[in-house]
Amino acid sequence: MKHKNLFLPFSFLAVTALFAGCATSGVRNPSGVRVTEMRPDERGFVAGTGVESQDLVAVTDKMARSILSTPEIANAQGIPRVVLEPVVNDTRFPINKNIFLTRIRTELNTKARNKVRFLAREQMKVLEHERDLKQSGAVTSNSDPNAVEFKGADFFLTGKLEGMTTRTSRGTSDYVLYSFQLIDARTSDIIWEDSAEIKKQGLEDAAYR
Amino acid sequence: MKLSFPIWAVGVSLLVLAGCSTPQSDSAKSFSGSSVINSTPARDKVLWEYRDALTALRRGQLDEAKRLLDDAILSIGGINVGDKDAKRARRFFSGEDKKTFIGEPYERVMAYYYRGILYWMDGEPDNARACFRSGQFQDSDTENKQYSSDYVLLDYLDGLASTKLASDGSDAFKRAQTASKSFSLPAYDTKSNVLFFLDYGSSPLKYSSGQYGEQLRFRERTSLAHSATIKVGGQTIRSVPNDDLYFQATTRGGRVMDHILANKAVFKSATSAAGDAAIISGAVLGSSQQGRHSNADEIGLGLALAGVASKIFSAATVPAADTRTWDNLPQYLSFAAISLPPGQHIAKVEFNDAQGRALPNLTKTVTINIPPGSRDNVIYVSDKSTNS
């Protein structure tokens, strides 16, 4: 009678073993591998993702500090005027390019007031319209409206984002080089240049591979 | 009253067998032309963003198209890791269509392609180039490397954007020329200031095949238009397809997910067969003893119960491939760059059948205003455009 008591559990055990034997196999990292941020000089196991907010903060912080230590800025007679020129995106990631220069500008304006000043060239249409109104007498003016007071640039600040992508069966890796330049408007000398590098890599969930 | 074992076993077997049909995954809903994004399950959101973005683009609602594509690209541009829906889709008892939809590579490529066009329209050729590169990247994960990153237009446009940005576009041009086996591509003309992006025909449709629908397949739809002719400012430009989405969809090769689905199918088949064998054996064993409550009765009952459990597992296993499709895509992509003087121009875009005859019902008329200056004027025309 003993075997009668054992038969039912045994049957279910056999079925369970059958199921276990049929489990998915042969797919590496079915859940994917989390994106890992790495040092640029560190050799990764594959490749990664795009430009994110932490990159923006890290890069612009570094650039703002670096600009302020430039002798032409730190030891300038008077306050140098800077105009922002659009950043060129040469990566595979569509981005809001102006955000880099905007953050560098706000960092410098916040932390290094009177060391450098930016000109609002993107507002020139509005400014010219206001000047025209003053010159025509349509609105009041506290100074001579005919005097040329729009400042010229001493330096242009611009940058470029360049990228390199690798993709293998083990994942994706993206390296982005962020480089920025300060160009003397009178001589075209590049008086300052600095760069930052970020490399990321990851592997997607098998459901998307 | 005690039911005799054979009757009970046969009854349960019939019930189990009746319940063994594979649950059908939701097939791709046909395009409704209206936004259903807010009411659709989250896992289908990107699918509807794709569809609605393209509809908006064809209606000339560019801001709406940008908004939808930007949101979709947030989902497809990252590395999808630890997604619960994706994990569920890999399990035996959930279908692949339970994962968050981001589409097959050819669909993801098209999201980037259209966003690239919109960036270029906004005077941002570098961000357009980034989109074309991301599109090419999406196509890089092919089983057969011969077909990896082989969109002609994406490389051609990458090179054109670089050339216009005073960079070197020659490498991208060479890659495009290599991928364009049939046609010699026109050299870049930096003076061209009007860029025509044309698409026509109907996208491939997905369907599943195999015993349990575990194999993803693509069906080519009949496309009326096979080429296009642009007539503007005294110029006539014939534009042939640079890329064919059916070709792109069918040359990707096997997916990692296909292995998972194949394993699910094997599991479903094996548990079904094991269940059948166990139930039949149990029934035979039980009935042969004529209800004499012998050991054989008990063994038969155990076998039948194990068989029922096995059939339940089999019935619950869903190996079906995900057939949700971005179904308002075109089949063919074309491009032409021309130079026009400042002023207003009326362009006529004719779509031609396979014999090169114009299809009058599909002809579109576009008014182009060229302002003074060097900025590119980007024109998107589809045989399904409703704004021209």
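Check whether at least one residue in region A:198-208 is among the β-branched types (V, I, T), within 14 Å of another protein chain (Cβ to nearest Cβ) and either over 30 Å from B:E107 (Cβ atoms) or surrounded by 13 or more Cβ atoms within 10 Å (Cβ to Cβ) (or both), and report yes or no.
no
In a loop (DSSP other than H, G, I, E, B), in contact (Cβ under 8 Å) with a residue 12 or more places away in the chain and closer than 24 Å to B:R375 by Cα: is that true of B:K191 in this structure? I'd like the intermediate steps shown before the answer.
Numbers: in a loop (DSSP other than H, G, I, E, B): yes; in contact (Cβ under 8 Å) with a residue 12 or more places away in the chain: yes; closer than 24 Å to B:R375 by Cα: yes.
For B:K191, the condition - in a loop (DSSP other than H, G, I, E, B), in contact (Cβ under 8 Å) with a residue 12 or more places away in the chain and closer than 24 Å to B:R375 by Cα - is met.
Out of A:F100, A:F93, report the one residue that is of a type outside the set (S, T, Y), surrounded by 16 or more Cβ atoms within 10 Å (Cβ to Cβ) and assigned to a helix (DSSP H, G or I). Write out each step before concluding.
Working: A:F93 fails: assigned to a helix (DSSP H, G or I).
Exactly one residue qualifies, and that residue is A:F100.
Among the residues of region A:67-90, how many are of a type in the set (S, T, N, Q) and surrounded by fewer than 18 Cβ atoms within 10 Å (Cβ to Cβ)?
Of all residues in region A:67-90, those of a type in the set (S, T, N, Q) come to A:69-70, A:75, A:77, A:89.
Now narrow it down to the ones that are surrounded by fewer than 18 Cβ atoms within 10 Å (Cβ to Cβ): A:69, A:75, A:77.
Selection size over region A:67-90: 3.
Kindly list, by first and then second residue, each pair from a residue in region B:248-267 that is at the interface with chain A (Cβ under 10 Å from one of its Cβ atoms) to a residue that is assigned to a helix (DSSP H, G or I), limited to pairs with Cβ atoms under 6 Å and residues at least 6 apart or on different chains.
Going by the 6 Å Cβ cut-off, the qualifying pairs are B:V256/A:A206; B:M257/A:A207; B:I260/B:R90.
For region B:159-190, enumerate the residues that are farther than 14 Å from B:S334 by Cα, of a type in the set (G, A, S) and touching a helix residue (DSSP H, G or I) at 6+ places or on another chain (Cβ under 9 Å).
B:G159, B:A161, B:S162, B:S167, B:G169, B:S170, B:A172, B:A179, B:A187
Does region B:119-137 hold any residues that are in contact (Cβ under 8 Å) with a residue 60 or more places away in the chain and more than 10 Å from chain A (Cβ to nearest Cβ), and which are they?
Result: B:W120, B:M121, B:G123.
For B:S75, indicate whether it is in contact (Cβ under 8 Å) with a residue 12 or more places away in the chain, within 25 Å of A:K200 (Cβ to Cβ) and within 11 Å of another protein chain (Cβ to nearest Cβ). Walk me through how you get there before you give the answer.
Working: in contact (Cβ under 8 Å) with a residue 12 or more places away in the chain: yes; within 25 Å of A:K200 (Cβ to Cβ): yes; within 11 Å of another protein chain (Cβ to nearest Cβ): yes.
In short, yes.
Going through region B:342-361 one residue at a time, which ones are outside any loop (DSSP other than H, G, I, E, B) and surrounded by 11 or more Cβ atoms within 10 Å (Cβ to Cβ)?
B:G343, B:H345, B:I346, B:A347, B:K348, B:V349, B:E350, B:F351, B:N352, B:A358
Condition check: facing another protein chain (nearest Cβ under 10 Å) and at negative phi. Does B:L285 satisfy that?
No; evaluated as a whole, the condition is false for this residue.
Residue by residue through region B:45-79, note down the ones that are closer than 27 Å to A:P30 by Cβ, surrounded by 21 or more Cβ atoms within 10 Å (Cβ to Cβ) and touching a strand residue (DSSP E or B) at 6+ places or on another chain (Cβ under 9 Å).
B:I79
Of everything in region A:136-186 that's among the charged types (D, E, K, R) and in a strand (DSSP E or B), which residue is surrounded by the most Cβ atoms within 10 Å (Cβ to Cβ)?
Restricting to residues being among the charged types (D, E, K, R) and in a strand (DSSP E or B), the top hit is A:D174.
FYI, it's all coordinate maths here, none of it is from the lab. Bear in mind that the values here come from a model prediction, so they are computed numbers and not experimental data. Virtual Cβ from ideal backbone geometry, glycine too; neighbours counted across all protein chains shown.
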